[in-house]
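The values are calculated or read from the model by the stated rules, or taken from the named source; none is laboratory data. Predicted model, so just to flag it, every value in this text is computed and none were measured. Methodologically, a virtual Cβ is constructed for each residue, glycine included, from the backbone with ideal geometry; neighbour enumeration extends over all protein chains shown. When the accessible area is computed, the model is the full protein with side chains, heavy atoms only, and any ligands, DNA or RNA have been set aside. Shrake-Rupley method; radii C 1.70, N 1.55, O 1.52, S 1.80 Å.
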Amino acid sequence: MTGLEIGLIGIGALFAAILLGVNVMVALGAVGAIGLASIVGVKGATAMLSTVFFDTTHSFHFSVIPLFLLMGFFAMRAGLGEDMFEATSKWLGNLKGGLAISTTIGAAAFGAASGSSVGTATVFTKLALPEMLARGYDKRLASASIAIAGTLAVMIPPSALVVVYGILTDSSIGGLLIAGVIPGVVFAILLCFATYFTVLRNPALAPVVRTESTLREKVYSLRLAGPLVLVIVCIIAGLYLGIFTPTEAGGIGAGLTLLLAIVRQRSLKALKLNQTLLDTIRTSAMIFAIIICALIFSKFLAISGVANALGGFLTTLDVNRWVVVAIIVGIYLVLGMMMDAPALLAITLPITHPVMMNLGFDPIWFGVFVVLLVEIGAVTPPVGINCFVVQAASEGRVSLEDVFKGLVPYVIAGFVMLILLCVFPQLALYLPQTMK
Amino acid sequence: AADTYKWITFKPQGAGDAQAISTQWFIDEFKKRTGDEHEIEVYWGGSVAKTREIPDSLAAGVGDFGDIVTPYFPDKFPLNNAVGFFIPQPKSTIEISGLMEKWHETYPQFAEELARSNLKAVGFRPLESYGLLCTTPIRSAGDLKGKRIRTYGFAYPALVEALGATPVSVATSEAYEALERSILDCTPIGPALAHGWKYDEVAKYYIEIPLGASFGHLIAMNLDTYNGMDEKTRAIVDQLGKDYAKNYAGELDKTISAVRAGWPEKGVEVIQFPADELIAVIDDERIQNVRKEWIGRAEAAGVPSDEIVEELRF
Amino acid sequence: MSLFDRIWRGYGRFLYGCGLVAGYTTFAMMLLVIANAASRFLFNSPVSGAFEITETMLTVLVFLSLALTQYEGGHIRVVLLTQRLPGGLQKIARLAALALGAAFFAWCAYAAWGYTLASYAIGEQQWGAVRYPLYPVKFMVFFGLTLLAVQYVLGLVREATGTEQAEELASK
Ligand code: NA
Ligand code: NA
């Protein structure tokens, strides 16, 4: 059997194992490891298993994940979610899907401080999901609106993934980061519309909270949003003043929300610190297990030659350039079902970037396009890391199926955004070109 | 029989830098020199093994060729890390590859150290000569006092402290923003890497302070694969490894010239630093302790260190 | 209570203890990151070794919490298809999934043990602003993977002997 055949069998086996109810981490890891063993031998596969766990976790870069989780759990204990929704329901409560829409807006604002799609999805699961469910929102709509909102943190700078793209393709990181601002905002607006129209078609999904509040009450309610706004302002200010780095922002944010939680609970004891810390480590264990096992699987895909074969196929095509774009979109969607975003970029960009440059596309534009594309992959089944995170952080309130099913309108919004980027490349290019 | 060897590297092909270009040259040349009989397939971008994973993966036969960043493994490969303990030192990139080659020929302990991990060095790829890239102009040792300088590993913290500056650890992926937001004032780097990591977009002063060319990467092979090659192929690999140094250094020089030529337009100013002010601090106890540590390890391995140390003296 | 039940609960309590250590490691990591940024900004002197220690703390907290998460059923599964299968097939699928998990993580633990021994043999250290040996950190990886493999084995026994179902019925 050739490596390529083994690779294709492995892809089939992964889907089968996941559907048969094997833990996703075990499916990814076991299929990946067995696949590796059949190509490079048991000794080789064992060597790869020996290094990947330590190498992935002994990393400053990833310390942001438990710290953002901690921030989310402290924010929950501080009651920031209840307060925020009290305020937004006064303003948006009479709007169809108002709470889901304010989640999207909140995540966009939070995304300006955070570079982590997974971290943002976690924080907003903690903040917004219980509130939405308590007010009769449909599980699918509520959980999916949060899973997709996480992607805004990667679109809107700062963004670790955008930096990865810049490094892999030798493009200007400064330019790339600025380029994400307008598409990030436009995508946030599209997501709000997706919620609005979904609820318009089926009002039962999101009962409108009828509140007859005066303008005075509305303005007064803004104070409730104060603490969260304060945290976000502190983080943004700290980043721009050079007090801490985006990774360190996780620790600072956790510290700030801890203070708010102590104030709110009136003592450290009432905070139930043990419980909060256990919640944090359970979720981070789940996330790291998936990340590492996804890495094992993507190492297998790489060495099987499936990835290299795709590149060879693309470079021999002789068709209209938009056909190539459509094929590349298809490839990312298929691979995005199985791999996490950084691994996907590392494997595919050496293949797709040169092809796109030869076709005359702008590297900055392609950066925004491809980051959106892999972020859509972060919410598609069966390996949709944001959905896993939402489900895990929901503490059993929603099932994985709920999240995936609810995502249909938002994935459509993602496609609309991809089309908008193709029709109006200036969305991505205007700011980098005028800043020069 | 025709063989296809696997090369595992952390470097993305798209980087298009001297390492990527010269790696591709090695691959093409290997095919040509074996008369199209054998070839090498490259697994770029850490897709199979990341930097810290490569020695173990290579030793176990996941790959046949691979790039080993020796400074990541000071305990596993202490001898082959010699240069990393001597910062600053006066030798250039091509001189350091010559020295590595010479030491491997002179002292069998260098190869034995790798053979213990089932590895064989077939080529050497030192880094470019480093200076400091800073966000403010630095014209003398006095200007460095209190500056926050990025450090990693063991030798740079000692040097930075000896210069009266503050060593700061920042992840490579965050160094760009750290320079932009003044969390860092300077980072040790050469022109090609400064351009490759885009740091010269946000730090506009390149200080010509002679930190020297660090080692670097081994182009290593799985020892079993190497021993299993027929004599003709092995000879081709050996010769290619030697020719590689020239090709790589040539590519690196091209990149450095191009980057330097583009700097005035980009607003990057090159500033000379009085070398004797740097050389004066080498006697500092902290720097000397790092060097003594290597000397101790070399002697323990039975390598006479005097000649090697002499080569790395200003 | 049967012997197996006592083992199961005792193991759960042990994992809970590991989880608390992991939780307070996370808390300490937060304090360290804050202290480092504050000291760097205010006094121009970062906390020596904060960067390296944060990395080590991350490894420790992840591997001390993997098995607890599995004990509590926290690792992700898709039950879309299996819940529609007849009872007998469901049970076989669950047994196979647990056996695969046990075998995979036992393999990983074996690999991590070799990696730990190699690190110990060369006296590998963290080389940075601070120095400390790395083999205990690598041992934590082995330890966490072993706990997880054992948890899968216990889950398999529980599923095979039907203890789980009986308990769920009892709790209703
Ligand atoms: Na962001
Ligand atoms: Na996906």
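What number, in percent, do you get for the relative contact order of the range A:3-434 if the mean sequence gap of Cα pairs under 8 Å and at least 6 apart is divided by its residue count?
27
Work out the length of the dipole vector of the protein assembly as shown about its Cα centre, built from +1 on the beta-carbon of each Lys and Arg and -1 on the beta-carbon of each Asp and Glu, and round it to the nearest 20 debye. Numbers along the way, then the final one.
Values: 68 positive and 76 negative charges, 704 e Å.
The calculated dipole for the protein assembly as shown is roughly 3380 debye.
So for the protein assembly as shown: antiparallel DSSP bridges make up what percent, rounded to the nearest 5? Could you put the intermediate results ahead of the total?
Numbers: 23 of 38 bridges.
Here the share of antiparallel DSSP bridges comes out near 60 percent.
Determine the shielding of peptide B:161-173 by partner chains: average, over its residues, the number of Cβ atoms on other chains within 10 angstrom of each Cβ.
Mean shielding by partner chains, rounded to a whole number: 5.
With r as the distance between the Cβ atoms of residue A:43 and residue C:132 and R0 = 30 Å, compute the FRET efficiency 1/(1 + (r/R0)^6) and round to 0.05. Intermediate values should be presented prior to the final figure.
Numbers: r = 30 Å, r/R0 = 1.02.
Efficiency computed from Cβ-Cβ geometry: 0.50.
Taking Cα atoms, how many degrees apart are the long axis of helix C:3-43 and the longest axis of chain C, rounded to 10 and kept between 0 and 90?
Orientation of helix C:3-43: about 30 degrees from the principal axis.
Could you grab the relative contact order for the range B:193-314? Cα pairs under 8 Å, six or more apart, rounded to a whole percent. Don't skip to the end; give the middle numbers.
Details: 39 pairs, mean separation 52.0, N = 122.
Relative contact order for the range B:193-314 comes out at 43 percent.
Once both labels are modelled 7 Å past Cα along the beta-carbon direction, what's the residue A:19-residue A:263 spacing in nm?
5.3
Between chains C and A, what is the buried accessible area in Å², counting both sides, with a 1.4 Å probe and ligands, DNA and RNA left out, to the nearest 100?
About 5300 Å² of accessible surface is lost on pairing.
Under the definition of Cα pairs under 8 Å and six or more residues apart, what whole-number percent is the relative contact order of the range B:1-121?
Values: 128 pairs, mean separation 31.8, N = 121.
This gives 26 percent for the range B:1-121.
Among the residues of the range A:241-257, which ones have their accessible area go down by 50 Å² or more when all the protein chains sit together, as opposed to their chain alone (1.4 Å probe)?
Going by heavy-atom accessible area, the residues of the range A:241-257 that drop by at least 50 Å² are A:242, A:243, A:245, A:248.
For helix B:93-106, report the angle its Cα long axis makes with the longest principal axis of the Cα atoms of chain B; keep it between 0 and 90° and round to the nearest 10°.
50
5 Å is the cut-off here: which amide hydrogens, built 1.01 Å from N in the peptide plane, fall below it relative to residue C:125, excluding neighbours closer than 5 in sequence?
Correct list: B:75, C:134.
Long-range amide H contacts for residue B:214: which residues qualify at under 5 Å (H placed 1.01 Å from N, peptide plane, sequence gap of 5 or more or a different chain)?
So residue B:214 has HN proximity to B:127, B:130.
Return the unpartnered cysteines for the protein assembly as shown, using a Cβ-Cβ cut-off of under 4.7 Å.
Cysteines lacking a close Cβ partner in the protein assembly as shown: A:192, A:234, A:293, A:387, A:422, C:18, C:108.
Work out the mean other chain Cβ neighbour count within 10 Å for the residues of C:52-58 and drop it here as an integer. Numbers along the way, then the final one.
Details: counts 3, 1, 9, 9, 2, 4, 14.
The per-residue average across the peptide is 6.
Could you order peptides B:307-314, B:143-150 by the average number of other Cβ atoms within 10 Å of their residues, highest first? Kindly include the intermediate steps, with their values, before the conclusion.
Values: B:307-314: 15.0, B:143-150: 19.5.
The most tightly packed comes first, giving B:143-150, B:307-314.
Normalised by the empirical 2.2 N^0.38 Å for globular proteins, what value does the Cα Rg of the range A:3-434 take? Can you show the working numbers first?
Working: Rg = 21.6 Å, N = 432, 2.2 N^0.38 = 22.1 Å.
After normalising by residue count via 2.2 N^0.38 Å, the value is 0.98.
Exceeding 22 Å between C-alpha atoms, which entries from my cross-link table qualify? They are B:76/B:246; A:299/C:91; A:299/B:6.
On the way: B:76/B:246 28 Å; A:299/C:91 32 Å; A:299/B:6 14 Å.
Beyond 22 Å: B:76/B:246; A:299/C:91.
When the helices in the protein assembly as shown are scored as -39500 (n - 2.57) per DSSP H run of 4 or longer and the sum is shared across all residues, what 222 nm value do you end up with, to the nearest 500 deg cm²/dmol? Working shown, then result.
On the way: 40 runs with 617 residues, N = 922.
When only DSSP H runs of four or more count, the value is -22000 deg cm²/dmol.
Regarding the protein assembly as shown, what's the average projected area of the Cα-atom convex hull, expressed in nm²?
Details: hull surface 156.0 nm².
Reported value for the Cα convex hull: 39.0 nm².
May I ask you to give the solvent-accessible area per residue for the range A:302-393, in square angstrom, as obtained with a 1.4 angstrom probe? The partial results should precede the final answer.
Values: 2650 Å² over 92 residues.
Accessible area per residue, the range A:302-393: 29 Å².
What are the ³J(HN,Hα) values, in whole Hz, obtained from phi via the Karplus relation 6.51 cos²θ - 1.76 cosθ + 1.60 with θ = phi - 60°, for each residue of the range B:159-175 in sequence order, with x given for Gly and Pro?
5, 5, 5, 4, 7, x, 9, 9, x, 10, 8, 9, 4, 4, 5, 10, 5
Once ligands and nucleic acids are excluded and a 1.4 Å probe is used, how much of residue B:182 is accessible, expressed in Å² to the nearest 10?
60
To the nearest whole number, what is the average tally of beta carbon atoms from other chains within 10 Å of the beta carbons of peptide B:139-152? Walk me through the numbers before you get to the answer.
Working: counts 0, 0, 0, 0, 0, 0, 0, 2, 1, 4, 0, 0, 3, 4.
That average works out to 1.
Would you grab the residues whose amide H sits under 5 Å from the one on residue B:42? Only those 5+ places off in sequence or on another chain, please, with H modelled 1.01 Å from N.
It is B:7, by chain and number.
Please identify the helices of chain A, taking whole runs of DSSP H, that span at least 18 Å along their own axis as judged from the Cα atoms and have a mean Kyte-Doolittle score of 1.6 or higher.
On the way: long enough: A:3-19 (24 Å, 2.14); A:24-57 (26 Å, 1.53); A:64-77 (20 Å, 1.97); A:98-111 (19 Å, 1.39); A:117-134 (25 Å, 0.98); A:181-201 (30 Å, 2.02); A:215-240 (34 Å, 1.42); A:246-265 (28 Å, 0.89); A:273-304 (46 Å, 1.47); A:321-336 (22 Å, 2.27); A:341-358 (24 Å, 1.16); A:363-377 (21 Å, 2.15); A:408-423 (23 Å, 2.68).
Qualifying helices: A:3-19, A:64-77, A:181-201, A:321-336, A:363-377, A:408-423.
Please report, as a whole percent, how much of the solvent-accessible surface of chain A comes from carbon and sulfur atoms (probe radius 1.4 Å).
On the way: 9910 of 14470 Å².
The value for chain A is 69 percent carbon and sulfur by accessible area.
Only Lys, Arg, Asp and Glu count, each charged at its Cβ (+1, +1, -1, -1), so figure out the dipole size of the range A:44-187 about its Cα centre, rounded to 20 debye. Walk me through the numbers on the way to the answer.
On the way: 7 positive and 7 negative charges, 72 e Å.
Charge dipole of the range A:44-187: 340 debye, to the nearest 20.
Roughly how tilted is helix B:231-266, in degrees to the nearest 10 and between 0 and 90, from the longest Cα axis of chain B?
Helix B:231-266 and the main axis of chain B meet at about 30 degrees.
If packing is taken as the average number of other Cβ atoms within 10 Å across a peptide's residues, how do A:416-427, B:295-306, B:151-162, C:149-160 rank, most packed first?
Numbers: A:416-427: 16.1, B:295-306: 14.3, B:151-162: 22.3, C:149-160: 19.3.
Top of the packing list down: B:151-162, C:149-160, A:416-427, B:295-306.
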